[in-house]
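Engineer: Would you mind keeping the following structure in view while I ask a few things?
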Amino acid sequence: MNIEEYNYDLPQKLIAQTPLKNRSDSKLLVMDKKTGELQETIFRNIIDYLNPEDILVLNDTKVIPARLIGEKIDTHAVIELLLLKNIEGDTWECLSRPQKRLHVGTIITFGGGLLKAEVTEKKDEGIVIVKLLYEGILMEILEKLGTMPLPPYIHEKLEDQSRYQTVYAKNVGSAAAPTAGLHFTEELLEEIKKKGVTLVYVTLHVGLGTFRPVEVEDITKHHMHSEYYVLSKEAADTLNNAKGKIYAVGTTSTRVLETVRHNNDKFVPCSGNTDIFIYPGFEFKAIDGLITNFHLPKSTLLMLVSALSSKENILNAYNYAIKHNFRFFSFGDAMFIK
């Protein structure tokens, strides 16, 4: 499976730089996963495609202000760290730039010493393991010193930091937002519940696995970095008793559900790290459909949605979206693959 099969040309002007004023005003492209048939509507009309007894599964992870700009304590060279995953205690896996300036024992200082990071291990692909040194509560310090880790294709400043969080964000730990959920308002979720649709929450802390580019020609050789997930007993019980269809909100929710079902003959309460890589040929055991954004060319997320339908159907839908000026990526419009 060649990476170029998942490439497409996207005009720069269609990369959404800012969120819409109202979350649910986004466009929605509804696609039949079997036939590829398309319907265009507005996101708040998602309710019309959901039936009583269906289950909507949302990722309640909360993004931390994970991007830190500091300097080496000895040379004052500027260093950027992106906190990816809390390994244990104050030990974190980070993406560093430039990594070549860092060595085991290097100390980076942030905010005039309010926070320090000591490099304890160097890995491949810009990854370093650091021990954070501080006094007080880490999340309060990050709120002061860190910024939201917006993707590199977003060049405009985000005036309201909460717009890079879902309205149901709860469990702190993500290095990126589960962006399919950004389209929901509290009012829309209430309407969906009133229709008889059950909302189920899972947690996957988005890290390098979700947004790392594929750099191998044969996609089957790509290595996914692991990300931490939780499926509660309440969620597992609800999913096992599903009478309607199970729809995942986002590729992150999908990865949690498929990880659990591929490891067990039913949904079981569990937590751990998943490096599941979903691409065409994958057998879906957990979900019937997916609400998702439009993904980057040659990305693992584009491969995941292609696996749920077909590469041909997905690329046809993307061509439609480009022709009809849909907005792409994190702050862009949405698809419902059903």
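Engineer: E258 - would you say it is outside any loop (DSSP other than H, G, I, E, B), among the acidic types (D, E), more than 30 Å from N22 (Cα to Cα) and under 17 Å from the mean Cα position of the chain (by Cα)? Give the derivation first.
Structural biologist: On the way: outside any loop (DSSP other than H, G, I, E, B): yes; among the acidic types (D, E): yes; more than 30 Å from N22 (Cα to Cα): yes; under 17 Å from the mean Cα position of the chain (by Cα): yes.
Yes, satisfied.
Engineer: Working carefully through the options P213, P280, find the one that is within 21 Å of K34 (Cα to Cα) and out of contact with any strand residue (DSSP E or B) (no Cβ under 7 Å at 6 or more places or on another chain).
Structural biologist: Working: P213 fails: within 21 Å of K34 (Cα to Cα).
Unique residue meeting the criteria: P280.
Engineer: A further question follows. Criterion first (in contact (Cβ under 8 Å) with a residue 12 or more places away in the chain, in contact with a helix residue (DSSP H, G or I) (Cβ under 9 Å, 6 or more places away or on another chain), among the small types (G, A, S) and surrounded by fewer than 20 Cβ atoms within 10 Å (Cβ to Cβ)) does A77 satisfy it? Give the derivation first.
Structural biologist: Working: in contact (Cβ under 8 Å) with a residue 12 or more places away in the chain: yes; in contact with a helix residue (DSSP H, G or I) (Cβ under 9 Å, 6 or more places away or on another chain): yes; among the small types (G, A, S): yes; surrounded by fewer than 20 Cβ atoms within 10 Å (Cβ to Cβ): yes.
In short, yes.
Engineer: Right, something else. Of the numbered conditions (1) modelled with pLDDT of 90 or more; (2) surrounded by 14 or more Cβ atoms within 10 Å (Cβ to Cβ), K194 satisfies every one except a single condition; which is it?
Structural biologist: (2)
Engineer: Right, another one. Name the residue, out of I322, I291, that is of a type in the set (A, V, I, L, M), in contact with a helix residue (DSSP H, G or I) (Cβ under 7 Å, 6 or more places away or on another chain), buried (at least 22 other Cβ atoms within 10 Å of the Cβ) and not in a loop (DSSP other than H, G, I, E, B). Show your work before the answer.
Structural biologist: Values: I322 fails: buried (at least 22 other Cβ atoms within 10 Å of the Cβ).
When all the criteria are applied, what remains is I291.
Engineer: Another one. Any residue in the stretch 24-41 that is among the basic types (K, R), within 14 Å of K195 (Cα to Cα) and assigned by TED's automatic domain parsing to the domain that holds K323?
Structural biologist: No, the stretch 24-41 contains no residue that is among the basic types (K, R), within 14 Å of K195 (Cα to Cα) and assigned by TED's automatic domain parsing to the domain that holds K323.
Conditions tested, residue by residue: (1) within 14 Å of the chain's Cα centre (by Cα); (2) basic (K, R).
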residue	(1), (2)
T106	no, no
K144	no, yes
P149	yes, no
P178	yes, no
Y201	no, no
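The values are calculated or read from the model by the stated rules, or taken from the named source; none is laboratory data. This structure is a prediction, so every number in the text was calculated from the model and none was measured. We place every Cβ from the backbone using ideal geometry, glycine too, and count neighbours over all the protein chains shown.
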